[in-house]
Amino acid sequence: MAINRRDFLKYSAGAGLMLSAGASPARAASKSALPPEAVGILYDSTLCIGCKACMVNCKKANSEPGGALFHKETAGQIPFEYPEGKPIYDAPDSLSSKTLCIIKAHRKTDEPQAKELEYDFVKLHCLHCLEPACVAVCPVAALQKQKDTGIVTYNKNRCFGCRYCQVACPFNIPTYEWEKASPSVVKCQLCNHLYAQGRYSACCEFCPTGASIFGKVTDLQEEAKRRLALKPGDTYAYPVKRVDGTERTEKVVAEYVNHIYGLEEAGGTQYLFLAGVNFDKLGFNPRITNQVYPDFTWDYVSHVPALIGTLLVAGTVTRLVTQKMDKKKQEAGKGESET
Ligand code: SF4
Ligand code: SF4
Ligand code: SF4
């Protein structure tokens with residue numbers, strides 16, 4: 001079997017983890033049921049106009065004090081309101097430590113002479129997998145799947161920076177704060193910090209078209225199935241913001257691809273997608289199967305030479321030592337500047 005760079009890294013990360021944890025590669029395959037209060041998002045690409053209101057409000061919601069991803073430097077600010085001398089326009093083209101949600105545009109045609117520049121959009125962020133590979137490989141349980149809501153959360157105080165989660169995630173979601181002296185992993189946590197205020201995912205709260213809607217996963221699944229049964233050209237009152245809300249917008253039904261992405265992929269996810277074109281045209285990796293990814297990873301791991309794992313464990317230890325030395329240096333520098 002041919003192994004590409006990403007697969008190689010997957011093998012390596014898993015092997016290192018096994019050696020460090022003393023785990024056995026023979027792990028029973030089992031698919032989790034949906035958590036009882038599972039919440040998620042349904043994104044309908046046929047309704048998305050690419051306005052990026054979701055991206056802007058994701059940044060706003062996740063950089064405020066008390067947020068799940070509180071950044072001291074941007075506390076209370078919207079990223080495009082940086083003080084004078086700082087960047088005033090933010091146009092990211094991929095997920096990063098400052099971008100948890102991204103809208104990607106894909107041209108409808110590959111024909112270079114095409115007069116109309118028409119696009120299909122897709123909104124990417126953590127899919128909150130039912131069996132998250134990131135949770136399975138994290139040696140210190142910094143990533144956890146919440147038992148009731150199923151949200152995959154991250155605790156920066158537990159994380160020691162091995163970044164196995166980045167390697168293991170089949171959707172390439174977690175990013176890392178490379179720019180910081182004491183970096184954290186960054187990813188969407190479904191805006192769980194807003195729930196206590198009676199709010200919900202900011203990307204859905206501000207989506208004007210109903211392309212992104214929040215709700216119970218069972219309701220979202222039903223809504224997605226209902227849409228696939230609609231007749232193209234008919235009109236339908238699409239829910240806006242929340243699947244269980246009263247706000248509706250009447251629209252002509254587009255021709256859907258008969259597939260709900262996320263219902264089965266990677267063992268099922270709490271973020272579901274509908275589209276009018278095949279999902280590989282929207283950048284989804286066709287190699288992602290319906291297999292539960294933690295089991296898949298462990299299956300890979302059983303074929304990897306122990307040496308690779310040893311090297312990874314050594315690398316992680318080196319990183320911890322380096323971090324400790326950096327911290328000591330910083331403290332020493334602080335002491336000098338105070339005297
Ligand atoms: S999409 Fe990636 S980061 Fe999100 S829960 Fe799944 S494995 Fe984890
Ligand atoms: S749920 Fe919240 S953190 Fe996740 S993409 Fe939407 S706005 Fe961003
Ligand atoms: S806010 Fe809604 S319509 Fe606008 S880009 Fe985001 S998902 Fe698409």
Within segment 115-144, which residues are more than 15 Å from ligand 2 (Cβ to nearest atom), part of a loop (DSSP other than H, G, I, E, B) and either at pLDDT below 95 or not small (Gly, Ala, Ser) (or both)?
-> 115, 116, 117, 118, 130, 131, 138, 139, 140
Return a yes/no flag: does segment 216-225 have any residue that is within 16 Å of ligand 2 (Cβ to nearest atom), surrounded by fewer than 19 Cβ atoms within 10 Å (Cβ to Cβ) and under 14 Å from residue 44 (Cα atoms).
-> no
Within segment 130-141, identify whether any single residue is touching a residue at least 24 places away in the same chain (Cβ under 8 Å) and within 17 Å of residue 43 (Cβ to Cβ), and answer yes or no.
-> no
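Per-residue answers, yes or no, for (1) at pLDDT 70 or above; (2) surrounded by 21 or more Cβ atoms within 10 Å (Cβ to Cβ); (3) over 18 Å from the mean Cα position of the chain (by Cα); (4) not in a loop (DSSP other than H, G, I, E, B):
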site	(1), (2), (3), (4)
50	yes, no, yes, no
55	yes, yes, no, yes
67	no, no, no, no
86	no, no, yes, no
For segment 200-237, which residues satisfy the criterion of being among the basic types (Lys, Arg) and either touching an Asp or Glu at 6+ places or on another chain (Cβ under 6 Å) or within 16 Å of ligand 3 (Cβ to nearest atom) (or both)?
-> 227
State the number of residues belonging to segment 96-114 that are assigned to a loop (DSSP other than H, G, I, E, B), over 22 Å from residue 275 (Cα atoms) and within 16 Å of ligand 1 (Cβ to nearest atom).
-> 1
Going through segment 124-146 in order, the residues found to be farther than 15 Å from residue 34 by Cα, within 16 Å of ligand 3 (Cβ to nearest atom) and buried (at least 24 other Cβ atoms within 10 Å of the Cβ) are 125, 126
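The values are calculated or read from the model by the stated rules, or taken from the named source; none is laboratory data. The model shown is predicted, which means the values in this text are computed figures rather than measured ones. Cβ atoms come from the backbone with ideal geometry, glycine included; neighbour counts cover every protein chain shown.
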